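Everything on this sheet refers to the single structure shown next.
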Amino acid sequence: MTDPSRRIPRAVFASICIALIAFQAALAADRHPIVAGFERFGASQKADPTAPGLLLIGELGCTTCHGVSSTIESQINRKHAPLLESAGARLRPDFVRAFLADPQTVKPGTTMPHVLHGLNDSAKKETIEALTHYVLSNGTLPEARPSRKSITAGEALFNQIGCTVCHGKSDGKPLATSIPLPDLGAKYSIPSLAEFLANPHRVRPSGRMPSLNLTAQEAQVIAHYLLKDLRVNVRPNMRYEYFEGDWQKVPDFSKLKPKASGICEGLDLARAERANSFAMRYSGFLRIEKAGQYRFFLHSDDGARLLIDDKLVVDNDGIHPPQENRGVVGLARGAHKLTIEYFDGGGQVELEADIQGPGFSIGNTIRLRQDVSSFVTLTEQEATPPPPGASTAGSARFTADSALVDKGKTLFVQHGCSSCHQPNPAGKSVVAKPLAALGDSASGCLASAPPASSPMYSLNTAQQTAIRESLKSAGSFESKRPTPAQTIARTMTALNCYACHERGQVGGVESERNAWFTTTQKEMGDEGRIPPRLDGVTAKLKPTYLRQALAQGLKDRPYMLTRMPRFGAPATTALADAFDTEPKLGPIPAITFDDTPKRVKSAGRQLVGSDALSCIKCHTFRNSEAEGIQAIDMTLMTKRLNREWFHRYVINPPEFRPGTRMPTAWPNGQTIVPNILGGDTAKQIEAVWLYLSDGSSAMIPAGIGRQPLPLFAIKEAVIYRNFIEGAGTRAIGVGYPERANLAFDANGIRYALLWQGGFMDASRHWSGRGEGFQPPMGDNVIALPDGPAFASLSSPSNPWPTLKAKELGYIFRGYRVTPDQRPTFLYEFGETRVEDQPVPVATSKTPSFKRVITLSSDHPSDTLYFRAALGETIKPTPNGFLVNGEWRVSFDGELKPIVRNSAGKTELIVPVKFNGKTATIVEHIEW
Amino acid sequence: MRVGILTLFAAILATAAFAADAPTPTEADYYKITDLPIPAGVVLEVGALEMLPGDVLAASSRRGEIYLVDKPFSSNPRDFVFTKFAGGLHEVLGLVYRDGWLYATQRGELTRLKDTNNDRRADLFETVADGWEINGDYHEYAFGSRFDRDGNLWVALCLTGSFSSENKFRGWALRITPEGKVLPTTSGLRSPGGLGMNAAGDMFYTENQGPWNGACSLKHLAPGQFVGHPAGLKWYDDAKLPGKKPETPKSGSRVAIEAKRIPELVPPAVYFPYPQMGQSASGIVCDTTNGKFGPFAGQMFVSDQAASTVMRVVLEKVKGRYQGACIPFRQGFSSGNLAMLLTLDGSLFIGGTNRGWGSRGGKGYSLERLNWTGKIPFEVQTMSARHDGFDLTFTKPIDKKTVEDLKSYKMRTFTYIYQESYGSPEVDETTPVIESAVIAADSKSVRLKVKGLQEGHIHELHMAGIRSSDGLPLLHDAAYYTMNLIPD
């Protein structure tokens, strides 16, 4: 029985229903073809009032049925419908069925019209089934499972390289100007989506979905990400043999008989018939597309071994908790036998194997590790992993029925599908009224409820108005072609170039998307992450370079993570032609030199180097790192830029790039290096230009790379306070003429490192900006225990404090140096003041240290200890102690050192005995 | 480009007006640069400068050395003898002398050095304070000031990189008391380039273009205040300041708007428009020479590392907060100007380095001295805001005709986006109308009545047309006034 109080009153229920219906109606009304340029700039374009309508006419493919003259055609940038030749290897049948039944619902924003809207339900169902069989008759859909690692890499790439510029973030609030993505898992399999992403123009030749020049691997991982929720069954790709027994390491399988064997998907431990004490041997063939060094990672609990072509590559054997080992092997292109052996000796079971290498590198910033089993096939011959699958998500295997295919072929032409889509089996198209004759029409496709004979685009009012507006003037187009400026603006709208690039104060990155444009060089500011404005691009870039950039895409700015996509020549030739007609800068007269070309180039080389204009402080040079930010490579400049532009730009960069960080190399046109080429500005710029014209063969200028800067202690000690690896950020390195060295950690108030031989190489910190930690230059480096050297222990069995010295209130007071710069370190804790003097001792063999520590206090403590060592082992010897078998420590006088255990390690502590107000410890360290 | 055209226009006007008479005076006619040649084998990337008793100049370096330079005021280069006083320190970006000790600000601590045996080498290195942390990031610099009126030394701590504060008090200005106590004082710093006081003894620092900083600027460091970059606010509770933690500003806003919402937020006193005035503001000095450095007594000078220049700053207080103008002063230094010291005799010592950050002056490092030649340049002496315009005073009597001619002036205003990403373009540009220019009775100043002053904007004024009464154009005809508040 339903509790009556919970029942919704009928009136309320009715009103909810009405509200729901209204809501759905509103949703439906809002469903309309989404053309990013129209959504963003709408119907109001004062400079070119017919442009919005023409944009839609082009994007919706109106002229495929409504014939136009070639002159009118030149006004329209027509988008071609997807090519369906290989749709069967790309699309899932249920998606095709649903999409044909209601395109806008299944793929919101699609420009594909609803062609079958006039059919009754049974006729529609029959038609759709026949069309589906026809369209998908030409291929089999390959299948693969999403892998976690690929999803992570794919997500980073999707968010980085520019996918979000048109599509938005997949988990964020949808933006009005985003092209919505349908339920991609219902439409594609991972391999088929990857294939599409790698070569979108093969299916969509008009470049609206540009190619991001993805490698096969990149396309793969993005497909994994976009289909991350896909649940599919893939065909087994490995053989397994299952063994039972108790082992301490991977057994010799040649002497064992498997308890079971068969084929499985990947490293499937579920094939084991019991939870513990078993072993598995997996094998298959690994496809390598690119020869090179490959790294394998084997993660297991317990032991495992990975073999390639029967040779051991990773040994992770033995009983252990989950642990990873790695190995490297050079692999030729082709199939290699992969064997993974595993055993469990009890407890947890884990097994993962990853591969990393040249065939698997992704983008700029991601070094991809992938599940090796994704690339394994059962046989040596199988061509491309993952193997072709037999089943599809959520539906049974699709077999095209030849009768339905034939029927579908007829219907494909009859319903006008073939007017837009290839293949066109009859070579015929629907012929409708010519575009120029449509006039101000509100019928046919433009009717609010189109008749059965017209396709239904679900246009919204703004779109209908815009199309009608431009149709009114269609007749007048008979006599005119678009101006270059119109072509540029219209193409940039159609291809959504404005989503990244601003030109003529139109477009540019929308504020909601701004943060999605990222860089590896944050300090370059927006120049490092936002694609450039295209005002004056004709003046700037060489025509062939610009043309190529549009057709092929670009990646000249490695720091800018958003890529300039490849739109293809068909979509961009008219745009490139129009850019060619834009104004260039006036010519720079030929500049003659009294000197030989080689000498002129060396002047240019000198100018860009660190002794003159220092261009290389910020620009990379043939991929050599710059000291500061890593701006665009200098050796690309003459390849990209017009000489006229270069000559003017370097004199006044902000005029061409407002807000640029590029400093003015020749302020007010005046040189700042008067001694080169007579201080003649034009000659200097030309010399740089000529030098850079050598491109990647130009000789490296001065100031690139780091020269070693070794520090030597010759007659006196040398002190080096800096970031020293193993001694902290406030390390005080001291090198002595005796060739003994130490690093004192002023934050930890302790001796951190001792070593012999060379002292320090200062080049890391004294070249460029000086980032990071530098290890000692010499050898035989001993690391002394972290933590304070002195502590008060109420009993000798109390543990040594684990807090850092600064946290314990220890105070570093500095140091005193002798005339030959030998320091005595000064520090305090409580009421105790310490003077701690390292004294290097030169011996015939290797130098050693004597450490003289003097403590003083007005209220001496009798519970104070000095910790001399902490190690795995500390063994008493006739004259001291041996720590870790590596170094010896001993003390002068009557001290009573104690060796004790400390949290699994061994500690050597020495009680401090005050004599009046002072105490002295003399320690000898040899190693 | 508007600026480009204006500059060009100004240059043409200036040349046209003057070409007929005498050669146009240059900066060098009024302020002379003398090189103090650094001996071969010494790499002195100057990080800080100080004068020691006996007229000995101390210069510290990014390599952690401190050199003494004898007879630094000499006109004979052979007199400049360099002696190594100390070495092995960690990137010394602050030097100040007191009571026999030389205080050196290193990355990780404030240290004081003494030569106890008079052999011209330091032998005692005492740690005065180390109450902040570093982690190995190159960006985590520490700049030290001179002593303020209470005897405190200020340390300005760069963030970890540009965007975050990974270690305690990165992004703060600290005061170190004479007893060595560390007092975190002002939050919101990003990448300081130097510290210095004005004539009143208030502490300022230079900030560099980057996140939350549309351009380089001069900022006032008032205790308890917040100067703009929120990354360091995470240490607010550790700072134990009396006030409440400032709210985090909204990215994409304007600093003037956020300052109205966040009472602790102090907008830059003076912006140095990027790149017209420079790209990397650094050292700060105040002219307390009583005229020995020329006609700018009491004003501040700020160097720029990237442009190898020194700029002049004219400050005033409006409604309790500092604002004012920057004016070009001197260019042509040899390296990237970083440290400055103005001595009482009127010598401005300037040390440079361009390691890691390029500079217009192409030398890797340099030590130079700038002295006034005694000739008065024709310059804007002061620029101060009025509720309806500006008052400008000049270093020389002015020509009534050109000064009252409105065609002599061009003005525009703009501001920057206050945002977490790096830098900002100039935005919100307006063109105020100069309605009148009235010369004062003493012929040394003019009152500009301006319609359309913009609070929170930089007012860029070009005065190419005006002449001194003896017919000279201004040596520098541009001034950039940061109008945080319009006076009542």
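Name the residues in region A:635-648 that are without any contact (Cβ under 8 Å) to a residue 60 or more places away in the chain and either within 13 Å of chain B (Cβ to nearest Cβ) or among the β-branched types (V, I, T) (or both), would you? Passing the criteria: only A:T638.
For first residues located in region B:435-458 and at positive phi, partners that are outside any strand (DSSP E or B) and polar (S, T, N, Q) and lie 6+ apart or on another chain with Cβ distances below 7 Å form the pairs B:S443/B:S469; B:G456/B:N484. Taken over region B:149-184, the residue count meeting the criterion of being surrounded by 21 or more Cβ atoms within 10 Å (Cβ to Cβ), of a type in the set (V, I, T) and touching a Leu at 6+ places or on another chain (Cβ under 7 Å) is 2.
Residue count for region B:78-95, restricted to those that are among the β-branched types (V, I, T) and closer than 30 Å to A:F773 by Cβ: 1.
Just one of the numbered conditions (1) hydrophobic (A, V, I, L, M, F, W, C); (2) out of contact with any Lys or Arg (no Cβ under 6 Å at 6 or more places or on another chain); (3) not in a helix (DSSP H, G or I) is not true of B:F378: (2).
Here A:I467 qualifies as crowded, with 19+ Cβ neighbours inside 10 Å, touching a residue at least 12 places away in the same chain (Cβ under 8 Å) and assigned to a helix (DSSP H, G or I).
Has region A:677-693 got any residue that is touching a helix residue (DSSP H, G or I) at 6+ places or on another chain (Cβ under 7 Å) and either facing chain B (nearest Cβ under 10 Å) or closer than 22 Å to A:A762 by Cα (or both)? Scanning region A:677-693, I find no residue that is touching a helix residue (DSSP H, G or I) at 6+ places or on another chain (Cβ under 7 Å) and either facing chain B (nearest Cβ under 10 Å) or closer than 22 Å to A:A762 by Cα (or both), so the answer is no. Inspect all residues belonging to region A:576-586 and state whether any of them is of a type in the set (A, V, I, L, M, F, W, C), in contact (Cβ under 8 Å) with a residue 40 or more places away in the chain and assigned to a loop (DSSP other than H, G, I, E, B). Within region A:576-586 (the criterion being of a type in the set (A, V, I, L, M, F, W, C), in contact (Cβ under 8 Å) with a residue 40 or more places away in the chain and assigned to a loop (DSSP other than H, G, I, E, B)), the answer is yes, since at least one residue qualifies. Applying the condition of being closer than 30 Å to A:R657 by Cβ and hydroxyl-bearing (S, T, Y) to region B:422-444 and asking which residue is surrounded by the fewest Cβ atoms within 10 Å (Cβ to Cβ) yields B:T431. Counting only strands (runs of 3 or more DSSP E) that fall entirely inside region B:386-433 and contain at least 1 residues that are at pLDDT below 95, the qualifying elements are B:426-430. When A:G330 is tested against (1) touching a Phe, Trp or Tyr at 6+ places or on another chain (Cβ under 9 Å); (2) surrounded by 14 or more Cβ atoms within 10 Å (Cβ to Cβ); (3) modelled with pLDDT of 90 or more, exactly one condition is not met: (2). Answer yes or no: is there a residue in region B:75-96 that is basic (K, R), surrounded by 23 or more Cβ atoms within 10 Å (Cβ to Cβ), within 13 Å of chain A (Cβ to nearest Cβ) and touching a residue at least 12 places away in the same chain (Cβ under 8 Å). No - not one qualifying residue is present in region B:75-96.
Checked against the criteria, A:S848 does not count as of a type in the set (S, T, Y) and either within 14 Å of chain B (Cβ to nearest Cβ) or surrounded by fewer than 20 Cβ atoms within 10 Å (Cβ to Cβ) (or both).
Of everything listed in (1) surrounded by 15 or more Cβ atoms within 10 Å (Cβ to Cβ); (2) within 24 Å of A:S211 (Cβ to Cβ), the single unmet condition for A:D577 is (1). One residue stands out among those in region B:224-278 that are in contact with an Asp or Glu (Cβ under 9 Å, 6 or more places away or on another chain), within 14 Å of chain A (Cβ to nearest Cβ) and of a type in the set (S, T, N, Q): the one that is farthest from B:Y322 (Cα to Cα), which is B:S251. Every condition in (1) away from chain A (no Cβ under 14 Å); (2) of a type outside the set (S, T, Y); (3) part of a strand (DSSP E or B) holds for B:P328 except the one numbered (1). With respect to B:D137, is the statement that it is out of contact with any Ser or Thr (no Cβ under 8 Å at 6 or more places or on another chain) and acidic (D, E) true? Considered against the rule, which asks whether it is out of contact with any Ser or Thr (no Cβ under 8 Å at 6 or more places or on another chain) and acidic (D, E), B:D137 comes out as no. All of A:G705, A:G733, A:G669 fail the test of being closer than 30 Å to B:Y138 by Cα and within 13 Å of chain B (Cβ to nearest Cβ), apart from A:G733. When the criteria are applied in full, A:F567 fails the requirement of being in contact with a Ser or Thr (Cβ under 9 Å, 6 or more places away or on another chain), buried (at least 21 other Cβ atoms within 10 Å of the Cβ) and under 30 Å from B:S280 (Cα atoms). Please indicate, with yes or no, whether at least one residue in region A:546-566 is acidic (D, E) and more than 14 Å from chain B (Cβ to nearest Cβ). Yes, the conditions are met somewhere in region A:546-566.
For region A:57-79, a residue qualifies if it is more than 36 Å from the chain's Cα centre (by Cα) and of a type outside the set (S, T, Y), and the qualifying residues are A:I57, A:G61, A:C62, A:C65, A:H66, A:G67, A:V68, A:I72, A:E73, A:Q75, A:I76. Go through region A:502-538 and give me each residue that's of a type outside the set (S, T, Y), more than 14 Å from every other protein chain (Cβ to nearest Cβ) and farther than 20 Å from A:N159 by Cβ. Scanning region A:502-538 gives A:R503, A:G504, A:V506, A:G507, A:L534, A:V537. Scanning region A:537-546 for residues that are in contact (Cβ under 8 Å) with a residue 60 or more places away in the chain, aromatic (F, W, Y) and either in a loop (DSSP other than H, G, I, E, B) or surrounded by 20 or more Cβ atoms within 10 Å (Cβ to Cβ) (or both) turns up nothing.
Residues to consider are A:S441, A:S458; find the one that is in contact with a strand residue (DSSP E or B) (Cβ under 8 Å, 6 or more places away or on another chain) and either of a type in the set (D, E, K, R) or assigned to a loop (DSSP other than H, G, I, E, B) (or both).
A:S458
Quick check on region A:749-768. Is at least one of its residues among the charged types (D, E, K, R), within 14 Å of another protein chain (Cβ to nearest Cβ), closer than 29 Å to A:R833 by Cβ and buried (at least 19 other Cβ atoms within 10 Å of the Cβ)? Checked against the condition, which is being among the charged types (D, E, K, R), within 14 Å of another protein chain (Cβ to nearest Cβ), closer than 29 Å to A:R833 by Cβ and buried (at least 19 other Cβ atoms within 10 Å of the Cβ), region A:749-768 yields no hits at all. Inspect all residues belonging to region B:46-60 and state whether any of them is within 14 Å of another protein chain (Cβ to nearest Cβ) and crowded, with 17+ Cβ neighbours inside 10 Å. Within region B:46-60, one or more residues are within 14 Å of another protein chain (Cβ to nearest Cβ) and crowded, with 17+ Cβ neighbours inside 10 Å. Restricting attention to region A:808-845, the residues that are out of contact with any strand residue (DSSP E or B) (no Cβ under 9 Å at 6 or more places or on another chain) and either crowded, with 20+ Cβ neighbours inside 10 Å or within 12 Å of chain B (Cβ to nearest Cβ) (or both) total 2.
Each row is one residue, and each column tells you yes or no for (1) out of contact with any Phe, Trp or Tyr (no Cβ under 7 Å at 6 or more places or on another chain); (2) closer than 23 Å to B:R254 by Cα.
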| position | (1), (2) |
| --- | --- |
| B:Q381 | no, no |
| B:I398 | yes, no |
| B:K410 | yes, no |
| B:T431 | yes, yes |
| B:L453 | yes, yes |
| B:P487 | yes, yes |
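The sole residue among A:G628, A:G659 that is at negative phi and facing chain B (nearest Cβ under 9 Å) is A:G628.
The values are calculated or read from the model by the stated rules, or taken from the named source; none is laboratory data. Keep in mind it's a predicted model, so treat the numbers as computed, not measured. Note: ideal-geometry Cβ built from the backbone for every residue, glycine included; neighbour counts use all protein chains shown.
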